[in-house]
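Laboratory data are not the source of any read-out in this text; all were calculated from the coordinates shown. Computed from a prediction, not measured in an experiment: that's the story for all the values here. Cβ placement follows ideal geometry from the backbone for every residue including glycine, while neighbour counts extend to all protein chains displayed.
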Amino acid sequence: MGRPSNHTPVLLLHGGMGNSNQMYLQANYLAKTRKVILQDTRGEGRSPYRNFSEFHYDDFARDAIALLDHLNISRVAVVGWSDGAITGLDLAMNYSSRIDRVFAHGANPQANMSIPGPDDPIINSETGSLVSDVDSHGVTYSTKGNLTKRASADAPDPYSCENLSPAPGKCAAMEQGVDTMWNTEPTWGPEAFSKIKCPVWIVDGDHDEDIERNQADAMAAWIPFAGQLLLPQVSHFALLEDPKFFNFAVEYFLDMKYDGLLPYY
């Protein structure tokens with residue numbers, strides 16, 4: 001989707017157990033000025049669950065490259081959220097010639113390290129002014145009213161796996177498979193991140209209930225010349241809670257000029 005443009009096409013990668021509709025606000029915004037590619041991860045959303053039994057980030061990355069090959073697109077910028085951000089980093093590590101840059105929101109470098117929980121001092125301030133926990137999806141008082149949804153909480157979800165999948169009977173198996181992946185992957189450290197040779201922003205919400213702040217700090221330190229952005233008063237769901245600021249940050253990053261890995265202004 002999108003208009004013909006001199007800009008590098010943008011590949012949007014959604015979160016785990018989700019679908020590309022999660023990023024419709026980013027897709028519609030970016031499509032005003034550039035070509036946008038939306039991909040549903042294998043076994044999720046509209047993508048079929050067949051000819052495989054396990055979920056791995058390396059496979060997600062290979063699928064993305066296969067899609068780009070099919071579309072005859074040589075190089076893209078990646079905007080990824082959560083699992084999509086991890087896949088974007090995987091692409092930057094292993095397919096450097098195809099990746100122009102990566103905006104990685106809500107990624108984690110290693111399995112079983114991604115849930116700070118409601119007792120984390122960054123998530124729950126002692127003043128009580130920024131209450132945020134897993135049950136409220138990390139939404140603070142100031143952002144809860146801004147959470148963008150296509151349907152009310154009481155309405156059936158038209159974008160559920162059961163409603164979108166070509167194999168709705170496999171939705172439970174998909175969730176189990178993704179959960180297994182979350183408990184074992186990724187397994188990245190400084191050596192893996194040092195392979196990245198394109199511009200990267202590591203992005204997190206200041207009240208992200210799923211990603212510990214020190215994980216974002218570590219990834220930004222391990223990736224050569226990476227930038228780091230902390231989005232204010234939002235959680236792991238920043239792209240839905242404050243899409244105006246989120247889209248501004250994405251577009252700013254996509255429009256930045258780089259001399260190799262170093263930006264110039």
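At 0.36 nm per residue, minus the direct Cα-Cα distance, what do Ser5 and Tyr265 gain on full extension? Give it in nm, one decimal, please.
Stretched fully, the Ser5-Tyr265 segment lengthens by 91.4 nm.
May I ask you to give the average projected area over all directions of the convex hull of the Cα atoms of segment 22-114, in nm² rounded to one decimal?
6.6 nm²
Could you check the spin-label model distance between Met256 and Asn112? Points 7 Å from the Cα along Cα→Cβ, value in nm.
3.4 nm
Starting from one equal scatterer on each C-alpha and no solvent at all, send me the Debye-based log10 I(q)/I(0) for segment 211-265 at q = 0.15, 0.27, 0.32 Å⁻¹, two decimals.
Each listed q maps to, in turn, -0.54, -1.13, -1.18.
With label points built 7 Å along Cα→Cβ from the Cα atoms of Lys244 and Arg50, find their separation and express it in nm.
4.6 nm
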